[in-house]
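Here's the structure, in structure tokens; my notes come after.
The values are calculated or read from the model by the stated rules, or taken from the named source; none is laboratory data. Note that the structure is a prediction, hence the values are computed from the model and not measured. Virtual Cβ from ideal backbone geometry, glycine too; neighbours counted across all protein chains shown.
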Amino acid sequence: MLLKGALMSAFSNIMPPENIKPASIRRRVFRLSMPVLLSSLFQRLVAIVDIFLTGGLGASAIAATGLGQLLIFVTMTIFWGLSTGTTVVIAHLTGAGRHEEARRAGGTAILICLGMTAIVSVAGAYGGDDLARLMGASPEVQLLANDYIRLVFTWLIWTTGVNILSAIMHGSGNTRTPMEGILLVNILHVLLAWPLIYGRLGFPPLGVNGAAVAINISEFIGFLYLLWQALRLGYLKICLPDQVLFKKIWKVSWPVALERVAQQSGQLVYSSVIIGFGTTAYAAHQIGLSIESLSFMPGAGMGIAAATLMGQSLGAKKYLRARVSHVEALRLAIWVMGAMTLVFLLLPNYLVMIFTSDPEVIHHGAVFLRIVAFAQIPLAISFVYAGSLRGAGDTFYVFIITLLSMWGVRVLLAWIAGELLHLSLYMVWGVFLIDWYARAIAFAWRYHKRDLHGTVI
């Protein structure tokens with residue numbers, strides 16, 4: 001019933017006062033979400049390009065690069081929490097017209113990010129050897145991965161800097177400039193990676209290390225571009241940390257960081273159950289996840305737009321505008337991801353064939369995508385409702401539901417189905433449908449029960 005209510009609310013006719021124009025808000029949601037969608041795509045391309053380019057160096061080089069990227073991805077879950085807290089707090093301050101405080105919040109977030117990065121960089125740069133070994137890498141892969149990990153972690157500040165500056169701008173309602181920064185990083189990365197890896201255009205051949213150097217240089221330039229834009233546009237004030245603003249940012253941030261950890265760790269355990277069905281099944285699973293991740297991007301973009309508009313509206317005490325913004329974001333997410341449902345149902349074989357010619361992998365991958373098709377609508381609902389709840393500062397609830405749903409539903413049921421009852425691979429894949437429907441219902445229930453009046457960050 002709650003899921004049905006969520007869908008009905010997305011398409012219901014809203015009769016707001018004359019000063020609230022749903023069409024205008026719909027355009028605003030679209031303008032905010034599209035650059036986020038493209039930024040997410042560009043960020044994924046950096047990792048894909050490195051794997052593609054190091055492929056000519058052999059399997060060990062691919063494994064070393066992939067291992068380094070995995071460690072960076074896991075590390076960034078902490079900083080994504082900080083980014084969400086920064087976006088929400090700045091959105092509230094911007095909506096309330098407290099622009100000077102918003103600029104100080106941006107400066108405080110930069111300093112928090114700097115301190116956190118210093119700790120993580122030291123741990124990663126000097127612990128890379130142990131991490132690669134503990135993850136079971138062969139001696140050859142460890143040798144290649146150690147230098148790659150050390151280089152990337154030593155200059156991690158450029159990666160986290162791009163991330164936090166983008167979050168500051170998102171909170172101010174500007175998603176276009178961060179997209180430009182990420183696009184600049186991608187262009188520079190492509191231009192630098194190939195000659196640095198293989199020793200072209202007068203550069204020495206650095207192998208896997210060349211990929212790391214290309215990342216560091218391109219993200220350094222991207223960081224400088226976004227920092228210049230943030231200062232030029234008045235989104236950021238370099239200052240001593242504000243203790244009050246620090247507490248507000250941290251209050252929103254830490255549950256998001258734990259939420260990401262719960263999600264990623266649960267995904268790893270869930271994948272380990274899939275591995276038990278054999279190499280072909282796991283290959284189909286990984287290809288399916290790669291294809292499915294593209295369908296996440298519209299929902300994720302709408303979720304960030306919902307969080308920004310919710311925060312700005314609540315900061316300005318425009319509660320009806322907050323509700324309308326949520327509905328318009330939900331409407332767009334359902335339409336876009338509903339279209340992905342049709343794509344996954346009608347063209348699954350062709351999508352999997354882009355990645356492999358193995359008939360068995362294609363068969364399993366096509367089944368996976370058809371199952372995924374039925375998750376698109378609850379995914380859209382979950383992304384937008386979670387985004388609106390984060391925009392209202394309710395990040396702890398989102399964390400608890402993510403933790404319970406991932407570990408108490410997906411991981412537990414997958415283990416029971418696969419390890420105890422020895423059911424089919426398709427039954428184990430079907431478990432994540434229960435997970436996402438449960439989240440959609442829980443997030444929708446919380447949002448509709450929540451009184452937005454008097455929300456304080």
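The numbered conditions (1) within 30 Å of residue 90 (Cα to Cα); (2) within 25 Å of the chain's Cα centre (by Cα); (3) modelled with pLDDT under 90 are all true for residue 352 except (1). Among residues of the range 362-373 that are in contact (Cβ under 8 Å) with a residue 24 or more places away in the chain and within 9 Å of residue 288 (Cα to Cα), those with a Cβ under 7 angstrom from a residue that is part of a helix (DSSP H, G or I) and among the charged types (D, E, K, R), sequence gap 6+ or separate chain, pair up as 372/292. Of the candidates 333, 305, the single residue that is of a type in the set (Gly, Ala, Ser), closer than 26 Å to residue 179 by Cα, touching a residue at least 40 places away in the same chain (Cβ under 8 Å) and touching a Ser or Thr at 6+ places or on another chain (Cβ under 6 Å) is 305. Against the list (1) among the β-branched types (Val, Ile, Thr); (2) modelled with pLDDT under 75; (3) surrounded by 15 or more Cβ atoms within 10 Å (Cβ to Cβ), the condition residue 48 fails is (3).
Residues satisfying the criterion are absent from the range 67-86 (criterion: touching a residue at least 24 places away in the same chain (Cβ under 8 Å), under 27 Å from residue 233 (Cα atoms) and in contact with a Pro (Cβ under 6 Å, 6 or more places away or on another chain)). Please verify whether the range 356-378 includes one or more residues that are assigned to a loop (DSSP other than H, G, I, E, B), surrounded by fewer than 22 Cβ atoms within 10 Å (Cβ to Cβ) and among the β-branched types (Val, Ile, Thr). Checked against the condition, which is being assigned to a loop (DSSP other than H, G, I, E, B), surrounded by fewer than 22 Cβ atoms within 10 Å (Cβ to Cβ) and among the β-branched types (Val, Ile, Thr), the range 356-378 yields at least one hit. Filtering the range 283-338 to residues that are of a type outside the set (D, E, K, R) and assigned to a loop (DSSP other than H, G, I, E, B) leaves only 316. In this entry, residue 384 is excluded by the filter for residues that are surrounded by 21 or more Cβ atoms within 10 Å (Cβ to Cβ) and either without any contact (Cβ under 8 Å) to a residue 60 or more places away in the chain or over 19 Å from residue 448 (Cβ atoms) (or both). Only a single criterion out of (1) within 30 Å of residue 421 (Cα to Cα); (2) modelled with pLDDT under 80; (3) buried (at least 20 other Cβ atoms within 10 Å of the Cβ) is not satisfied by residue 286, namely (3). Filtering the range 398-449 to residues that are surrounded by 19 or more Cβ atoms within 10 Å (Cβ to Cβ), of a type in the set (Gly, Ala, Ser) and more than 26 Å from the chain's Cα centre (by Cα) leaves 417, 418. Those helices (runs of 4 or more DSSP H) of the range 146-254 in which at least 3 residues are under 26 Å from residue 297 (Cα atoms), in contact (Cβ under 8 Å) with a residue 24 or more places away in the chain and of a type in the set (Gly, Ala, Ser), considering only elements entirely within it, cover 156-171, 208-232.
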